[in-house]
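Quick notes on the structure that follows.
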Number of protein chains: 2
Amino acid sequence: MGAREVGLPDVVGGVGLPDQVTIWEVGPRDGLQNESVSVPVDVKLEFLDRLADAGVSVVEATSFVHPKWVPQLADAEELLARLDRRDGVDYPVLVPNERGLDRALAARVGHVAIFASATDSFARRNLNRALDEQFAMFEPVVARAKAEGLKVRGYVSMCFGDPWEGSVSRGQVAAVGKRLLDMGCDQLSLGDTIGVATPGQVTALLGEFGSVERIAVHFHDTYGQALANTYAALVAGVRTVDSSAGGLGGCPYAESATGNLATEDLVWMLDGLGIAHGVDLDKLCDTSAWMAGRLGRPSPSRVLNALRG
Amino acid sequence: MGAREVGLPDVVGGVGLPDQVTIWEVGPRDGLQNESVSVPVDVKLEFLDRLADAGVSVVEATSFVHPKWVPQLADAEELLARLDRRDGVDYPVLVPNERGLDRALAARVGHVAIFASATDSFARRNLNRALDEQFAMFEPVVARAKAEGLKVRGYVSMCFGDPWEGSVSRGQVAAVGKRLLDMGCDQLSLGDTIGVATPGQVTALLGEFGSVERIAVHFHDTYGQALANTYAALVAGVRTVDSSAGGLGGCPYAESATGNLATEDLVWMLDGLGIAHGVDLDKLCDTSAWMAGRLGRPSPSRVLNALRG
């Protein structure tokens, strides 16, 4: 069945909502790095091609993290060497440090992302540094990337809660984010890494930044809140939303269900709200259904299951 | 793990949100009637007891629809005869027509619900009547129920889209709803029966009613929009929300994925927003996990899977 053959209500937007949103597709990076099944580089390349064919304009392609930590993405060089980089499609890659940036520059990448933490506990666990020490690691990465003419995104993880610290102060999150912006990051992506946030918290955190012009949001659907939180962010004026094709990156039946917001579910909401995004839902569903077959498990995307289940 | 042992952000509400919400639990009726596995009456009784123990204050217990149409609920008389009706818990039942009301009165029910359609196509298919003819069927039901001192809820189904008609006019939905209120219904429950709505449509439809004092919302999560739509309804001042324990009533992997919003996912959002509701999330999760075991399939509730997966 075609995506739009079901009876649909008229499009209705709302006060304050943007006319257009950029979907920042993270499936090939944030999605696959959390999948336990090893995915061959040929499948990844087909995935990236299919996403571009579906109209995705930003797709985070891979990560130059050390292969010891993320074996799934150890093929980053080969992937980027063989990738058919389409006109009009941006392919950012994650670089954890200067060594990662060296690899990204060698691969002729034009857009990189660094991955910072809003909390001391996660900074120590993920980066082996105290909260304030992470900036010393990122400063030369951002400075060199900018000097080379690259765009730089700064992820801020654990913005709404941290499994070791509990509640995270909004002021602390905003201070980390502003420091990354001051360092030269073109955009921040505020992440609910453990998926616990609810819409009031989203609105309040965004309010700490004054302007949301350079702010993106990145919600995980662990507790089913991702789309409600996205709606709150759109109402606050956010115009870049991260999501993962098919909800790739977490199985809803695993104990550590940490899946990203499914791009299909986001597209459904944006379509109903009349917000332009450029993605063809039918082609996207075909792509995610195909990838679910490669991974050998059902997708957690509600829209995908309703249309292709 | 206890429901609240994960690190959680501080509670943050928002402008216009209610302080308190009534969760209208529909799992035993709307949930079970859509489950293919036959559930013994003893299991249903334990389910109702556990929901009351978890703090649910309104639980739609069963339906007096003809057993030919819903064999799962053919045991309505036995269920209500044996049910331990707790003080402070309201146990409404669905009555499709006068015959259903007769059975409800004989079972000493104090609260009934009728099930109307916002569209002509669904009225004809579900009620075998044209849109306007349905009121002739409901009028004596509501009049007699009110004369007997019962409370009456009016469901309005297909409020946002209809698989046979497509878009449904808000004016038509509002006209159906207002006619039910004028007839004597104490409350309306506006249902997105096929789960297609998005938040702007919710806000717009609620705006047709002037006051939302007597309006409840009933969202299905077929396309993953239920909680975002609920948030939009809360912002518009709605104070009664329908949901189903464990998302009972639809498997996310079936073609006709028509599950209700999961009560656990709703509770998570209400807790984060600081909206009182009276439900103990731990006990509710235990109840839904137990029922999933009885049905022999995983629950689609994200919260349940995160906390008990």
Cβ-Cβ under 6 Å, sequence separation 6+ or interchain: first residue in the range B:33-58 and on the phi < 0 side of the Ramachandran plot, partner among the aromatic types (F, W, Y) and in a loop (DSSP other than H, G, I, E, B). Which pairs? none
If we ask which residues in the range A:160-206 are more than 9 Å from chain B (Cβ to nearest Cβ) and in a loop (DSSP other than H, G, I, E, B), their number turns out to be 4
Failed criterion for A:G191 (all others in (1) touching a Cys at 6+ places or on another chain (Cβ under 9 Å); (2) free of Cβ contacts under 8 Å to residues at least 12 places away in the same chain; (3) of a type outside the set (K, R) hold): (2)
Subset of the range B:281-303 that is more than 19 Å from the chain's Cα centre (by Cα) and assigned to a loop (DSSP other than H, G, I, E, B) - its residue that is surrounded by the fewest Cβ atoms within 10 Å (Cβ to Cβ): B:G296
What helices (runs of 4 or more DSSP H), lying completely within the range B:25-121, carry at least 3 residues that are closer than 19 Å to B:A143 by Cα? B:98-106
Any idea how many residues of the range B:227-248 are at negative phi and within 12 Å of chain A (Cβ to nearest Cβ)? 11
Within the range B:132-147, is there a residue that is under 26 Å from B:T203 (Cα atoms) and surrounded by 19 or more Cβ atoms within 10 Å (Cβ to Cβ)? no
Reported set for the range A:59-94 where residues are in contact with a Pro (Cβ under 7 Å, 6 or more places away or on another chain) and surrounded by fewer than 20 Cβ atoms within 10 Å (Cβ to Cβ) is A:A74
Could you tell me whether any residue of the range B:271-279 is in contact (Cβ under 8 Å) with a residue 40 or more places away in the chain, crowded, with 24+ Cβ neighbours inside 10 Å and within 23 Å of A:V267 (Cβ to Cβ)? no
Subset of the range B:181-195 [closer than 15 Å to B:L94 by Cα and small (G, A, S)]: B:S189, B:G191
The number of residues in the range B:250-288 that are of a type in the set (S, T, Y) and modelled with pLDDT under 95 is 3
Could you tell me whether B:G224 is in a loop (DSSP other than H, G, I, E, B), at the interface with chain A (Cβ under 8 Å from one of its Cβ atoms) and touching a helix residue (DSSP H, G or I) at 6+ places or on another chain (Cβ under 9 Å)? yes
Based on this model, can you work out whether B:A306 counts as within 14 Å of chain A (Cβ to nearest Cβ), at pLDDT below 95 and in a helix (DSSP H, G or I)? yes
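When the range A:210-221 is examined, which residues are found to be at negative phi and either among the small types (G, A, S) or away from chain B (no Cβ under 12 Å) (or both)?
A:S211, A:V212, A:E213, A:R214, A:I215, A:A216, A:V217, A:H218
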List, please: which pairs have Cβ atoms under 8 Å, are six or more places apart or on different chains, and start with a residue in the range B:7-29 that is within 13 Å of chain A (Cβ to nearest Cβ) and end with one that is acidic (D, E) and part of a loop (DSSP other than H, G, I, E, B)? B:G7/A:E165
Would you confirm whether or not the range B:3-22 contains a residue that is within 17 Å of the chain's Cα centre (by Cα) and modelled with pLDDT of 95 or more? yes
Within the range B:160-181, how many residues turn out to be touching a residue at least 60 places away in the same chain (Cβ under 8 Å) and in contact with a Ser or Thr (Cβ under 8 Å, 6 or more places away or on another chain)? 1
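Tally up the residues in the range B:289-303 that are more than 9 Å from chain A (Cβ to nearest Cβ) and touching a strand residue (DSSP E or B) at 6+ places or on another chain (Cβ under 8 Å), please. If you could, list the steps in order and put the result at the bottom.
So the first thing to find is which residues in the range B:289-303 are more than 9 Å from chain A (Cβ to nearest Cβ), and the list is B:289-297, B:299.
Filter once more, so that each one left must be touching a strand residue (DSSP E or B) at 6+ places or on another chain (Cβ under 8 Å): B:299.
Here the count works out to 1.
Every residue, every condition in (1) of a type outside the set (A, V, I, L, M); (2) at pLDDT below 95, yes or no:
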| site | (1), (2) |
| --- | --- |
| B:A116 | no, no |
| B:R124 | yes, yes |
| B:A130 | no, yes |
| B:V141 | no, no |
| B:K146 | yes, no |
| B:G154 | yes, no |
| B:S167 | yes, yes |
| B:K178 | yes, no |
| B:L190 | no, no |
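The values are calculated or read from the model by the stated rules, or taken from the named source; none is laboratory data. Just so you know, these numbers come straight off a predicted model, no measurement behind them. Ideal geometry is used to build each Cβ from the backbone, glycine not excepted, and the neighbour counts take in all protein chains shown.
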